[in-house]
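J.: So that we are looking at the same thing, I have put the structure below in structure tokens.
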Amino acid sequence: MTTVATTSHPRPDGALTDMRVLIVDDSRVMRMLLRKMVNELGVDDVVEAGDGQEALERVDSHAPDLAMVDWNMPVMNGLEFVAALRERRDCDRVKVMMVTSESDPRQVYEALKAGADEYAIKPIDREILADKLQLMGLG
């Protein structure tokens, strides 16, 4: 039996300090860069996963408010992860931002159709990340 932690969604005033973030990318360097950016924005509660399957396991133990997800990964890609996450009733409030080098408008459409809330094309910087978080009501 899997136990799912209860999410502690950000305060209504938009403070990021209470937010839990899951970074999903097969590149350790990209995970490190994204972690640094969210830390600079005031988020300390960050967990990482190297693929979509590992990320689903982290969701059970970490209960993120935001998942930042790459598209191209081994085992389970980002689109498959988003679809699997959205099938789970306990994860309907998790915000999902695709952070990927995939820039084809059809892929953006597929990600949003699968359940992503926002889409950012790499390279991404802290200002773009902050803007995207605001668009999702998290900043």
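J.: Any idea what the relative contact order of the chain is, in percent, if you count C-alpha pairs under 8 Å spaced at least 6 apart?
T.: On the way: 251 pairs, mean separation 32.3, N = 139.
Contact order relative to length: 23 percent.
J.: Next question. Taking the Cα centre of each part, how many Å lie between region 30-95 and region 107-139?
T.: With region 30-95 and region 107-139 each reduced to a Cα centre, they are spaced 13 Å.
J.: Sort D44, D104 so the one with the fewest other Cβ atoms within 10 Å of its own Cβ comes first.
T.: Working: D44 12, D104 8.
So the ranking, lowest neighbour count to highest, is D104, D44.
J.: Using amide H atoms built in the peptide plane, which far-off residues or other-chain residues are under 5 Å from E48 H to H?
T.: Counting only residues 5 or more places away or on other chains, the set is I23.
J.: Return the aspartates and glutamates within reach of K122: Cα separation strictly under 13 angstrom, same-chain partners fewer than 8 residues apart disregarded; answer none if there are no such residues.
T.: D25, D70, E102, D104
J.: For a quick check: with amide H placed at 1.01 Å from N, whose amide H comes under 5 Å from K95's, ignoring anything fewer than 5 positions away on the same chain?
T.: L66, A67
J.: Show me, for region 113-130, the HN-Hα J-couplings you get by feeding each phi into the Karplus relation (A = 6.51, B = -1.76, C = 1.60, θ = phi - 60°), rounded to Hz, glycine and proline as x.
T.: Using θ = phi - 60°, the values come out as 5, 6, x, 5, 8, 8, 9, 10, 9, 5, x, 10, 10, 4, 5, 5, 4, 4 Hz.
J.: Assuming 0.36 nm per residue, please report the length gained on full extension of the stretch L135 to D92 beyond their Cα-Cα distance.
T.: Value of the extension gain: 13.7 nm.
J.: Right, something else. Each residue of region 52-58 in order: what ³J(HN,Hα) in whole Hz does its phi give by Karplus 6.51 cos²θ - 1.76 cosθ + 1.60, θ = phi - 60°, with x for Gly and Pro?
T.: Per residue, the Karplus-derived 3J(HN,Hα) values read x, 5, 4, 5, 4, 5, 5 Hz.
J.: Lys and Arg at +1, Asp and Glu at -1: add these up for the other residues within a Cβ distance under 9 Å of V24 and post the number.
T.: That sum, taken over residues with Cβ under 9 Å, equals -4.
J.: Still on this model: Considering only DSSP states other than H, G, I, E and B, which chymotrypsin sites (Phe, Trp or Tyr not before Pro) in region 40-139 qualify as loop sites with at most 14 other Cβ atoms within 10 Å? Provide the component values of the computation, followed by the final result.
T.: Values: sites: W71, F81, Y109, Y119; in loops: W71.
Taking region 40-139 and a limit of 14 other Cβ atoms within 10 Å, no loop chymotrypsin sites (Phe, Trp or Tyr not before Pro) are found.
J.: Sticking with this structure for a sec: For region 23-131, what's the radius of gyration and Dmax over Cα atoms, in angstrom?
T.: Final numbers for Rg and Dmax: 12.6, 34 Å.
Quick note: the coordinates plus some simple rules give every number you see, no bench work behind them. Because the structure is a prediction, the values reported are computed rather than measured. Using ideal geometry, Cβ is built from the backbone for each residue, glycine included, and neighbour counts are taken over all protein chains shown.
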